[in-house]
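Dropping the structure in here first, questions after.
The values are calculated or read from the model by the stated rules, or taken from the named source; none is laboratory data. Worth saying up front: this structure is predicted, and the values here are computed from it rather than measured. Cβ sites come from the backbone with ideal geometry, for glycine too, and all protein chains shown count toward neighbours. Ligands, DNA and RNA are excluded from the accessible area calculation, which covers all protein heavy atoms including side chains. Shrake-Rupley method; radii C 1.70, N 1.55, O 1.52, S 1.80 Å.
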Amino acid sequence: MGTAAPYPQPDNPCSGYLLQTGGASVWVDAGPGSLAELLRHTTLDALDAVWLSHLHLDHIGDILNAYYALAFGELPPRSTPLPVYAPAGLADRLTGFFAQPDTTFYSSFLDLRPLSDGHLVQLKDLHLTSRAVAHGTEAYALRAEAAGHSLVYSGDCAPCPALDELSSNADLLLCEANDPGPTPVHHTPTQAGALAHRTGAERLVVTHVGPSMTPETATIQAAAAFPGPTSLAKVGTTLSF
């Protein structure tokens, strides 16, 4: 639903993905603009949860709009608040943005549940595992498993042992390729390809490419380091496995 970094671009919101199985539906990262794309495919009342990798604006901006939509948007009502799995600091971000004295103002609509390293959650037929990764701030990668298949999402991070462990033999690795040169906080395209190669991924999808290179160039560089199928994440694309 969005792959742009670090700000939305025409026809491309910031990070946002809709993860669906036979029974579960999860909004993964809520970058600015991704809510509108989400509503092309589902509604907030149909979601089982939101999962947010870290608290940088390009990954959480539309959780603010989700609150407005649930509280004032006259959308189909939810029977329970929407679970939001995120770093614990999200509560302070929301109260600060809305200039509220405490968290009670959103508790009827959003149920914030803090992530931690090794956090596990079962949502119907979907099993989610979160691992803390290297991004210079509290940040998590995600492994989603259902019906014998697995997807790993790097979030934003530099190469680190926790991501290697989480990515082992994934059917689909969705990895950022944000910087053209090595940094302490992001993968380069070559590092994304190398991650897929050494962890035995079946397929690599490159996402969240920064403005200093074209997404096509990033995909070519990642593919040079990974012998398996490599493609570029694009808004509106559905990947089934």
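Just how many % of Cα pairs in the chain lie over 27 Å apart, if you round to the nearest whole percent?
So the pairs more than 27 Å apart make up 29 percent of the total in the chain.
Another one. So, R0 is 41 Å and r is the distance between the beta-carbons of L39 and H149; what FRET efficiency does that work out to, to 0.05?
0.95
Using Cα pairs closer than 8 Å and at least 6 residues apart in sequence, work out the relative contact order for the chain, in percent.
15 percent
Let me ask you something else. Would you be so kind as to identify all helices of the chain, as entire DSSP H runs, whose Cα atoms reach 18 Å or more along the helix's own axis and whose mean Kyte-Doolittle hydropathy is at least 0.5?
Helices passing the filter in the chain: 57-72.
Residues of the chain: accessible area per residue at 1.4 Å, in Å²?
On a per-residue basis, 42 Å².
When the chain is fully extended, how far beyond the present Cα-Cα distance does D102 get from D125, taking 0.36 nm per residue of separation?
Full-extension gain reported as 4.8 nm.
Scan segment 92-176 for chymotrypsin sites (Phe, Trp or Tyr not before Pro) in coil per DSSP, keeping those whose Cβ has at most 14 other Cβ atoms within 10 Å, and list them by number.
For chymotrypsin sites (Phe, Trp or Tyr not before Pro) across segment 92-176 that sit outside H, G, I, E and B with at most 14 neighbouring Cβ atoms in 10 Å, the list reads F98.
What FRET efficiency comes out for the pair A224/T137, r = Cβ-Cβ distance, R0 = 35 Å, nearest 0.05?
With a Förster radius of 35 Å, E is 0.70.
Which residue, V209, V84, V121, tops the fluctuation ranking in a GNM of the chain built on C-alpha contacts under 10 Å?
Most flexible of the set in this elastic network: V121.
Separate question: Can you figure out the FRET efficiency of L57 with S240, using R₀ = 22 Å and their beta-carbon distance, to the nearest 0.05?
0.10
Report the rotationally averaged projected area of segment 62-163 based on its alpha-carbon convex hull, in square nanometres.
Across all orientations, segment 62-163 yields a mean hull projection of 7.8 nm².
Computed over the Cα atoms, what is the radius of gyration of segment 28-121 divided by 2.2 N^0.38 Å, N being its residue count?
1.01
Find the Cα radius of gyration of segment 159-241, compare it with 2.2 N^0.38 Å by division, and give the number to two decimals.
Output field value: 0.99.
How far, in nm, would the chain grow between R93 and Y7 when pulled straight, counting 0.36 nm per residue and subtracting the alpha carbon separation?
Fully extending the segment from R93 to Y7 adds 29.1 nm.
With the Cα gyration tensor of segment 97-142 giving a ≥ b ≥ c as the square roots of its eigenvalues, does the rule (a/c under 1.5 for rounded; else a/b larger than b/c for prolate; else oblate) give rounded, prolate or oblate?
oblate
With viscosity set to 1.567 mPa s and temperature to 4 °C, compute the Stokes-Einstein D of segment 112-201, Rh being the Kirkwood radius across alpha carbon pairs; µm²/s, no decimals.
Answer from the Stokes-Einstein relation: 98 µm²/s.
Leaving out ligands, DNA and RNA, what percent of the accessible area of the chain is carbon and sulfur, probe 1.4 Å?
Here carbon and sulfur together make up 55 percent of the probe-accessible area.
While we're on this one: Determine, at each q value in 0.26 (inverse angstroms), the log₁₀ of I(q)/I(0) that the Debye formula gives when each Cα of segment 199-241 is one equal point scatterer.
-0.99
Let me ask you something else. By how many nm would the segment from E216 to H197 lengthen if fully extended, with 0.36 nm per residue of separation less the alpha-carbon distance?
Result: 4.9 nm gained on full extension.
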